[in-house]
Amino acid sequence: MRSTSALLYLSGVTVSFDGFKALNNLSLLIEPGEMRAIIGPNGAGKTTMMDVVTGKTRPDSGEVVFDGRADLTKLDEANIATLGIGRKFQKPTVFENHTVRDNLLLALAGLRKWHRLLLAQPTKDENHRLTEILSVIRMEEQQYMLGARLSHGQKQWLEIGMLLAQDPKLLLVDEPVAGMTDVETETTAQVLREINKTHSVVVVEHDMSFVRALGVKVTVLHEGSMLAEGTLDQVSADQRVVEVYLGR
Amino acid sequence: MITRFLLQGMDRNLRLFVLLVLAIGIALPLLNQIMPPSSPFYVPAWLLQLIGKYLSFALLALAVDLVWGFCGILSLGHGAFFALGGYCMGMYLMRQIGSRGVYGNPLLPDFMVFLNYKELPWFWYGFDNFGFAMLMAILVPSLLAFALGWFAFRSRVTGVYLSIITQAMTFALMLAFFRNDMGLGGNNGMTDFKEILGFSVQADSTRAVLCFASAFTLALGLVVSAAIVGSRFGKALTAVRDAESRMRFLGYRVEGYKLFVFVFSAAMAGVAGALYVPQVGIINPSEFSPANSIEAVLWVAVGGRGTLIGPVIGAFIVNFGKTWLTGALPEFWLFALGALFIVVTLLLPKGVVGLWGQIKARSQAKKARAPA
Amino acid sequence: MSPKRILAVLLSVLASAALAGAALAADLAGLIANLTAGGFGERETAITALAASGEQRAAPILEALASGQLYVRKSDNLVLIGKPDGNQLSLTEAISGKTAGSGTEAELDRVRVNNRLRGVIEAAVGSLTLMSPDARVRRGAAEALFKRRDAASLAALDVALAAEKDPRIKRAMSEARAASVLASDAPTAQKLEAIALVRERADRDSLGVLDATANSATDPEVKAAAAAGANATRQTLAAWEAAQNVWYGISLGSVLLLAAIGLAITFGTMGVINMAHGEMVMLGAYTTFVVQEIIRTSAPHLFDASLLIALPLAFVVAGGIGILIERGIIRFLYGRPLDTLLATWGLSLVLQQAVRSIFGSSNREVGAPSWMSGAFQLGQLNITYGRLWIVVFSLIVFVTLILVLRKTPLGLYMRAVTQNRPMASAMGIRTPRVDALTFGLGSGIAGLAGVALSQIDNVSPNLGQGYIIDSFMVVVFGGVGNLFGTLIGALTLGVVNKFLEPYAGAVLGKILVLVFIILFIQRRPRGLFALKGRSVE
Amino acid sequence: MKFGSMMRTGMVAAGLLAGAAGSAFAQGAPIKVGILHSLSGTMAISETTLKDVMLMLIEEQNKKGGVLGRKLEAVVVDPASNWPLFAEKARELLQKDKVAAVFGCWTSVSRKSVLPVFEELNGILFYPVQYEGEESSRNVFYTGAAPNQQAIPAVDYLMANEKVQRWVLAGTDYVYPRTTNKILEAYLKLKGVKQEDILINYTPFGHSDWQSIVADIKKFGSAGNKTAVVSTINGDANVPFYKELGNQGIKAKDIPVVAFSVGEEELAGIDTKPLIGHLAAWNYFQSVKNPTNEAFIKTWQTYTKNPKRVTNDPMEAHVIGFNMWIEAVKKAGTTDADAVIDAMIGIAVPNLTGGLSAMMPNHHITKPVLIGEIQGNGQFDVVSSTALVLGDEWSDYLPDSKDLISDWRKPMSCGNFNVVTGKCGGKGK
């Protein structure tokens, strides 16, 4: 396993389900502190790529290295998460039967071992962090509301809050603005940029305007491998990309 | 610290309920002991035994609910843990018979004598000691649960698959215990007990004590369960139930959580079994039958899964109904029981407790409307 | 019986051709009178005497006696042969053989025999029938004598052999003779060639003969030869035994398959944990019972077709009830698989008790049609027709089901709905209807299984209970949602079970299989043939 | 709290019932008779019939004006083939309903489960099924056969009449077959049968796939000498067993099977044509020809409104037991347990096979042993019958029980008196 300065390093990753290649010899580099947008048509392998990075899916071949030392292909979700990789799902998943505050508490970096949790009480600075995050995502009033009661948008926010609480080195965000109004989209872009100040971020998105709003380096996936990389303008100038999106 | 831990999960309803359980556990035995049989308040011994039995069933139901209602593991094998606990108690009681068996053999239980056993099988040693037997009643089920859970949870066997293998486990155990070569009494199991800790199991006083013991243990079980559920561990547990993979991505080792509750609840079931045996006076392999485990699950469903009061109430309703109907309409009680299960799953997914909650909510809504 | 008697029998057989029947008719009556009087002891002497009389009538009378069809009419003590037709018995006079109208059991006293007498009669008739014109009878007689290996039958066999033309029967007779020789005090040389002859059969019966000789023989040479022959035979048989086990395994597997395949649909493709599945099987069995009852009373000649008639009915009954269940209960529980388990469990209780109150709690008789009873030999494999048909039937059901799923629109809709419900309904498939039909199909197949199982198991309210757990094991082991998995799973478990049974015993064998399943699920949490890919999560 | 109120009602109800029953005994109120047979679950197959028989007997008795000028009233409960529930129901019958006697149980385990209850509350139980022996309780009257009233005569018959030399002892794995087979093994050895000529095989309850075992029997039987199977296979597993026998073409004249748990009821579930000549040993067969039996069958079939309904041995046992109880009550002039228990011993009533059965001091009864051969019509032909045999509760063929006797007459009144040590209570210390 080669050591590298990159935060996330994929090389020659291949995943196939019953013959169909979801990822085909994919290679990708994310530098520390970078924000990267990954675009591509359906079935391009975006979600599978995230599954591989977060340990949900084991690649058939290829290297996945985090932080220049950890070989992610050997670890499971829990390890990877504790290493500092957070993931936000396309469909917001919060704990419906827990209050907003408890959701954040569960996400809060730190205690994970069951036997420690049995007797643990929230400490002073844990509570401090919670109130802090609540204010960031502007949900102080709803903090004792059950997750199930929240609106779609609120859930999106709560989940972002949970990611902040988890405080990962690298953040994987799957189609954050799916089904959002333009206003919400804009604010989300702001929040992501905000987060990017302290975390590296990988955003998977369809919505071009949103990607443009982010204004970051773009990677285009197609049929499980990288098609093009560069600024949005560069890639959208690329002939093959146009073909892929518009068809012949 | 510990008291803080124990009290953190108790809300007002639960406190009342625990007190009620204790009250029953104290009042009934007392009434049986002090009241003269003529008095209308006299509690006959058979009723005492019945309540004792229900109480140990309630404890079993609570154990099932802990894994199912709070962690989403539907175990169809808790009857096995219950029965194992029962067998440990049974072996102790068997040893207490001593030379009062029909053959008057000081060492060997009767069934061994007429199967020509020459000496006591190795695994029978130590069971003449109450402490040891009780320890085993907790350890044996826990170890079995640990072994099963360790593999199952690590290889992420979930949902129906888990239910099926737990069922396979109890089924296999039933077949095993049916074999006379097991040296545990085969189909007849163990019965005709004489003494527990030197007191005759047939004495009303002993029954009174056993009934109280069951109530007390149930109360304790409720408190501890409440503490676990109320702790941050409990929050994580229900989170695992609702969105397991999400918890993984948050960095939780889900296996550990599942394993702990599973083992704990198995131990609880074992204790329930140990309390059950001296009160019904027999333990035999049919306790392992998959039907029993499924029934225990149904008690929980009837009472209300995911609550601590629910399983206790469910166990009482169903078993009281059974006792009553098998006498009142012996030909038709199965219709009633079956119908109950269907109706509850269809109409009361939250069980009786849930219904109670809905009614209360509605009445409050009325009150709210009234002044306007 | 003593050699003298048999000899007498034989001589008289030869004589009877020459002698005029009339002269003997009188004491035939006397003989038959003895036959009907006294206890089993007297009866035995009477039988042998009758056989010795060499009357042509003797054989039919003795056969009637053996099959319990010889009667004495209470009114006039006339000895009659009664063949059952309907509730009546059509009677013929034993002696004259002319018809004597009909009567009921009540008016008659049956002449009783026990196993021993049946043996005696068979021997007597057997040595008579060695000369029978019917080749099959002759062969049967020879086989019977081989099993009896009674030195006394030598003489009879010699005569028969001399007269015999058919080479196959000749063979059988000479083998019987050889067996008899070994039982006799013939000289060593004869015995040795007899052993050689018997040894060639290499089946259980010959093994029995050889073992017996090896034990009894005094002459060391004979002893050795017999022992050698026995060992050789044993080895051949051991090989056959393995094959036999495989067959048993397959037939057990086919039963499991039948029981499980319906579940593979309701559970596998719909995700409904149908605890009442076993009761569907039971309903199928009871349908068979009802059909047979009606046939017995109204159209006995149809009896052999009873199962074929029962099949569609069972399918309709079980399937119909299945649809009712789906409409009435299951449909409210989609997405809550564990709740379907609870509801259907309650349902199974109700169904059991219902059947109990309608048909009573004791077992019901479901007869086997002639084409399903008995067995045949394939080399040394003993294959019973009943089992064979069940194996065939289960495969037919399996294949048809596959075709239904692959080729019919219903199958198409079913797959569509199970794969993506909202999309399917968006494309205008009436999903509720498809659900109902799918569940009905699964239950209907369970009903079919019931028809088959009625042939090998109790038809009682508990029938279903015995199969439900095994069925779930099979489906889960094979891999949920994969019919081929179910097929392979069922057969594997069947064969494994049958190979364990001889060593571990029936109980331990089953336990080991269960443990094996538990461990297997640990290795492959989704069964033998799991569906891979993102769709699973 | 819902269940709290439920229990309260339960208690009150119980109290009332108890009171009612208590006061009832004063006036000529009906005498309650408990019927403790499973009406659901696995044993319902066999036990439901016995419940019906008891109801019929009670009805008949009431037509005759009951006993002691009081009517009889049946109290039916369903222990649901659940052994602990048996104990609970027994307690309910004795303490809540205050029944004078209980007729019930089928399996040994159910009897073992209720035994302590009857001894504690001093009730009376009539147990109608053949069983393994090795028990004698003051409160139980065993009207079924002990092993010596079934197994041993059957073996004798086969030895004498069919010259059987090799024996397969096939049974379901529970106490009755285990004990019976132990006794038979000892007995056969005594008769000079060699160990290698005895094959013992146990199968689980409700065993349904008999292919291998029947094949083994065939194999064992083809090895030379005449072989017979002694079957202690439990009711439910018999149908598939016999179906397999029929299919694999094991004829009675090659390998006869003698069964101790297969009666007319079980055969009702099978097509018996292939089984003609296989045997069963009982103390009663429906086919026995005599007026008492024919009368009984008639009443039974009219009572059940089913002219095809069969009768069997445990039913006869209940008939005998019930009549004995009636006699004892008359003799004692009361239904009080102690009086009746003492009165029972020595009472003789006609059984259905044309003789008198008497209750002996060991609470077992005398019965003839009949060997029957299965006929094509699902009935048995009696091929041999013995004189009255006394049930021997403590088998002479088991080392630990051969020195024990039981005699409930005063002064001994002991269930396990050891004739060697001269003490009551097994080996003694």
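Throughout, read-outs are computed from the coordinates displayed, never taken from laboratory work. Note that the structure is predicted; figures quoted are calculated from it, not measured. Every residue, glycine among them, receives a Cβ derived from its backbone with ideal geometry; neighbour counts consider all protein chains shown.
Listed values for region B:83-100 are Karplus-derived 3J(HN,Hα) couplings in whole Hz (6.51 cos²θ - 1.76 cosθ + 1.60, θ = phi - 60°), namely 5, 4, x, x, 4, 4, 4, x, 5, 4, 4, 4, 5, 5, 4, x, 8, 8, and x replaces Gly and Pro. Which FRET efficiency, nearest 0.05, do residue A:208 and residue A:124 yield, Cβ-Cβ r, R0 45 Å? E(calc), rounded to 0.05, equals 0.50.
Here residue A:197 is the anchor, and the aspartates and glutamates within straight C-alpha reach of less than 16 Å, apart from those fewer than 8 places off in the same chain, are A:31, A:34, A:167. Run the Debye formula on the Cα coordinates of region D:107-183, all scatterers equal and no solvent, and tell me log10 I(q)/I(0) at q = 0.22, 0.24 1/Å. Here log10 of I(q) over I(0) equals -1.01, -1.13.
Considering all different alpha carbon pairs of region C:358-458, the Kirkwood hydrodynamic radius works out to 16.6 Å.
Amide H contacts of residue D:126: D:102, D:103, D:104, D:141, each under 5 Å away and 5 or more positions distant or on a separate chain (H built 1.01 Å from N in the peptide plane; Pro and chain starts excluded). When the C-alpha to C-alpha distance is required to be over 22 Å, the pairs from C:147/D:218; C:498/D:273; B:53/B:360; D:219/D:251; A:46/A:217; B:118/D:182 that qualify are C:498/D:273; B:53/B:360.
Backbone geometry of region C:437-443 corresponds, through the Karplus equation with coefficients 6.51, -1.76 and 1.60 at θ = phi - 60°, to 3J(HN,Hα) couplings of 5, 4, 4, x, 4, x, 5 Hz, x marking Gly and Pro.
Note on residue B:366: lysines with a C-alpha under 26 Å away, same-chain residues under 8 apart excluded, are B:350, D:2. Pairs of Cα atoms in region A:174-220 fall into 10 Å distance bins, from 0 up to the last occupied one, in shares of 26, 63, 11 percent.
Taking amide H as placed 1.01 Å from N in the peptide plane, residue D:74 has its amide H under 5 Å from the amide H of D:33, each at least 5 places away in sequence or on another chain.
Determine, for each peptide in D:35-42, B:18-25, B:46-53, the mean count of other beta carbons within 10 angstrom over its residues, then list the peptides with the highest first.
The most tightly packed comes first, giving D:35-42, B:46-53, B:18-25.
For the residues A:125, A:60, A:207, a GNM of chain A with alpha-carbon springs under 10 Å puts the largest fluctuation on A:125. Classify region B:1-155: rounded, prolate or oblate, from the alpha-carbon gyration tensor (a ≥ b ≥ c, eigenvalue square roots; a/c under 1.5 rounded; otherwise prolate if a/b is larger than b/c)? Oblate shape, in that a/c is at least 1.5 and b/c is the bigger or equal ratio. With contacts taken as Cα pairs under 8 Å and at least 6 residues apart, chain A reaches a relative contact order of 27 percent. In plain terms, the C-alpha convex hull of region C:77-129 casts an average shadow of 4.7 nm² when viewed from every direction. Dividing the summed -39500 (n - 2.57) terms of all DSSP H runs of n ≥ 4 by the residue count of chain D sets its mean residue ellipticity at 222 nm at -12500 deg cm²/dmol. Using all pairs of distinct alpha-carbon atoms, the Kirkwood hydrodynamic radius of chain A works out to 19.0 angstrom. Using only alpha carbon pairs under 8 Å that are at least six residues apart, calculate the relative contact order of region D:237-387 and give it in whole percent. Relative contact order here is 28 percent. Per residue of chain A, the DSSP helices (runs of n ≥ 4 H) give a summed -39500 (n - 2.57) that works out to -11000 deg cm²/dmol at 222 nm. Sequence-ordered 3J(HN,Hα) estimates for region C:254-267 from the Karplus curve with 6.51, -1.76 and 1.60 and θ = phi - 60° stand at 5, 4, 4, 4, 4, 5, 8, 5, x, 5, 4, 7, 5, 7 Hz, glycine and proline given as x.
For chain D, what are the DSSP H helices with axial Cα length of 24 Å or more and mean Kyte-Doolittle hydropathy of at least -0.5?
The qualifying helices are D:2-24, D:44-63, D:313-332.
Against the empirical 2.2 N^0.38 Å (N residues), region C:135-218 has a Cα radius of gyration ratio of 1.00. The residues packed around residue C:350, meaning those with a beta-carbon under 13 Å from its beta-carbon, carry a net charge of 0 if Lys and Arg are +1 and Asp and Glu are -1.
One equal scatterer on each Cα of region A:48-124, no solvent, Debye formula: the resulting log10 I(q)/I(0) at q = 0.14, 0.25 Å⁻¹ is -0.60, -1.21.
For peptide B:163-174, the mean count of partner chain Cβ atoms within 10 Å of a residue's Cβ comes to 6. Report the Cα centroid-to-centroid distance between region C:44-123 and region C:384-417 in angstrom, as an integer. The two parts, judged by their Cα centres, are 51 Å apart.
Measuring nothing but alpha carbons in chain C and taking Rh as the Kirkwood radius, the Rg to Rh ratio lands at 1.10. In percent, rounded to a whole number, the relative contact order of chain D is 15, using alpha-carbon pairs under 8 Å and six or more apart.
Per-residue ellipticity at 222 nm from helix content only, as computed over chain C with -39500 (n - 2.57) for each DSSP H run of at least four residues, stands at -23500 deg cm²/dmol. Where a ≥ b ≥ c are the square roots of the eigenvalues of the C-alpha gyration tensor, would you call chain B rounded, which needs a/c under 1.5, or, failing that, prolate if a/b is larger than b/c, or oblate? Oblate, because a/c is 1.5 or more while a/b does not exceed b/c. Bridgeable lysines around residue B:258 (alpha carbons under 21 Å apart, same-chain partners fewer than 8 residues away excluded): A:56, A:113, B:235.
Partner shielding of D:244-255 amounts to 5, given as the average count of beta-carbon atoms from other chains within 10 Å of each residue beta-carbon.
Partner shielding of B:277-285 amounts to 5, given as the average count of beta-carbon atoms from other chains within 10 Å of each residue beta-carbon.
Equivalent ellipsoid of region C:187-236: semi-axes from √(5λ) of the C-alpha gyration tensor, largest first, are 16, 11, 8 Å.
Between residue C:324 and residue A:18, the FRET efficiency from the beta-carbon distance, with R0 = 45 Å, is close to 0.75. Looking at the square roots a ≥ b ≥ c of the eigenvalues of the Cα gyration tensor of region D:320-429, which shape do they give, rounded for a/c under 1.5, prolate if a/b is larger than b/c, or oblate? Oblate shape, in that a/c is at least 1.5 and b/c is the bigger or equal ratio. Partnerless cysteines in the protein assembly as shown, where a partner means another cysteine C-beta under 4.7 angstrom, comprise B:71, B:88, B:211, D:105. For the listed peptides C:141-154, D:93-106, A:7-20, a ranking on the average number of other beta carbons within 10 Å per residue, highest first, reads D:93-106, C:141-154, A:7-20. For the protein assembly as shown, the alpha-carbon coordinates run over 126, 87, 62 Å along the three principal axes, in decreasing order.
For region C:240-536, the convex hull drawn through the C-alpha positions has a volume of 144 cubic angstrom per residue.
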